[in-house]
Each structure stands twice: as structure tokens, then as C-alpha cells.
Amino acid sequence: PGPVSHMGFPNISKHFPKVAESLNFSEEGEFLFKLPLCHRNWGLYPIVEDSKWVQKMSELGVRDIQLRIKNKPFEHIEEEISKSKKICEKSDARLWVNDHYGLAVKYGAYGVHMGQEDLQENGFEKVCEELARKSVRLGVSTHSYYELAKAMMFHPSYIAIGPVFETESKRVSHSPRGSSEVKKFRSFLPNEIPLIAIGGISLENGRSVLEAGAEGLAVISAVKKSDDVERTVS
């Protein structure tokens, strides 16, 4: 076969395409705003709605916690981020802030999680530049190969795939991916970028997702609606 022959779908990261929507790249094709890498020892990654839940999760030994507050005044969100950061400092947990990257930088959060629409609205170059300058990590949601190709162009700190299973925690327009897609996504990523699975994760199906290659399990309802939060977390 010739040099441009297509022998099938990519199955390793160096063959997976990238989609560029920016001119901020070096001559070697590297994005100029280098985001910091993050750890790889993930496990459970609860997504919670206030500092009380951050406190509860940290007391149970959870090391990565995402604070996701929707439809609240900006002053309330800022106060909750400030409180949550202090809680995480005392417990040696890592605080991830959903969407509010400016506040994450202001209060020294470990990282930010953003969806691709939010990144686009805020200007992904502006977001990446500010986070890189302050060494704040960036996790990015993906729901398709195209979104993965877009995200990989700026080499985020982690990639989230979802929804893996049916979920009622948030309204999504994408169909469930299943554990088989988790395995494919993992093969498309370089080793240094963790893969986080989200959407319908439970005690019953979580192991299959980890076996498929995900490093972390992002959960909302599995913790929030649990009758035994301590057992769920452990």
C-alpha cells in the first residue's frame, strides 16, 4: 500500500487525527499554551453541588472532587469555590471546578472541567492561555470522535467520555457510548492523558468501565442518591 493508503480505523494515539481551530501552534505543530498534566491515580471522581458535599467526600478519603454549581448567583458560586478550596487544602484533596475557570484560577483550584460548548463560548485559546499560565489543569468533555479530535489538538489534562450509560443526572443529546467505546477512546489517547468515564456509572457497572481502560469514574447520582454514601465511595 502507498503512503496515503487507509487500512482501517486508527487504533493507537499517534494515528488518531486532530482538528485545529487555531493558528497558535509552533512549527512542530504543538499548541503554544501547554496545559499541565495531572496524576493518573483516579478511581472515584464525584461531581457535587456545594461545599457541604465537598466536605463529606473529603472526609471519606476521596482525592478528586468536582464542584458543579448551576443556576446560582455568581457571588454564591464564588463563596462555595472559596470554601471548597479551603476544605480540600486541609484534606489533601484535589478540587476541580466546573466551568468557572476564572474563579478556579483566583482560588488556586487544582483544575477546571469544561464542556466544548463552554470552551468555545469563552474562547478556548483564552481559557487555555490563562490556565497554562497559572498551572491549572483542564479536563474536557467529549461525546464523539470529532469532539475528541478537537480536544486533542490542545492536549488537555484529561479527557472525559460520556455518557457511557443511560443517565438522568443531566440532559444530554448523545446516545450512551458503552464500555466498548471507552476501550476505543483509551487507545486513541497518549498514556499521559487520563480517561474519565461519566454517565450512568454505578457500583454494578463501574468495574467493567475500569477494565475497559478508564482511569476515573465520574459520578453524580451514584453518590447523591445513595442510601449508603460511605459504602458507595469505598
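The values are calculated or read from the model by the stated rules, or taken from the named source; none is laboratory data. Note that the coordinates shown come from a computational prediction; the quantities given were computed from them, not determined experimentally. Note that each Cβ is placed from the backbone with ideal geometry, even for glycine, and that neighbours are counted across all protein chains shown. When the accessible area is computed, the model is the full protein with side chains, heavy atoms only, and any ligands, DNA or RNA have been set aside. Shrake-Rupley method; radii C 1.70, N 1.55, O 1.52, S 1.80 Å.
A few notes on this one:
- Efficiency of FRET between residue 134 and residue 79 - r from beta-carbon atoms, R0 25 angstrom, step 0.05: 0.75
- Gyration tensor (alpha-carbon) shape descriptor, the chain, a/c threshold 1.5: oblate
- Solvent exposure of the chain as accessible area per residue, Å², 1.4 Å probe: 53 Å²
- Packing around the peptides 35-46, 188-199, taken as the average count of other Cβ atoms within 10 Å per residue, puts them in this order, highest first: 188-199, 35-46.
- Mean residue ellipticity at 222 nm, helices only, the chain: -10000 deg cm²/dmol; runs of at least 4 DSSP H residues each add -39,500 (n - 2.57), and the sum is divided by the number of residues.
- Remark: spin-label model distance residue 12-residue 106 equals 4.7 nm, labels positioned 7 Å along the Cα→Cβ axis.
- Computed from the C-beta positions of residue 211 and residue 144, the FRET efficiency with R₀ = 22 Å rounds to 0.45.
- Cα shape, region 64-140, gyration tensor, a/c 1.5 rule: oblate
- Qualifying trypsin sites (Lys or Arg not before Pro) for region 187-234 [loop in DSSP, other Cβ within 10 Å: at most 13]: 225
- Potential extension, residue 175-residue 117 segment - 0.36 nm per residue separation minus Cα distance: 19.1 nm
- Spacing of the modelled spin labels on residue 166 and residue 202, each 7 Å from Cα toward Cβ, amounts to 1.0 nm.
- Close amide H partners of residue 219, meaning residues 5 or more places away or on another chain with modelled amide H under 5 Å apart, are 45, 47.
- A simple count of charges around residue 79, restricted to other residues whose Cβ falls under 13 Å of its Cβ and scoring Lys, Arg +1 and Asp, Glu -1, yields +2.
- Length released on extending from residue 72 to residue 59, taking residue separation times 0.36 nm less the Cα-Cα span: 2.1 nm
- Where a label projected 7 Å from the Cα of residue 37 along Cα→Cβ would reach, residues of region 143-161 with amide N under 16 Å: 155-159
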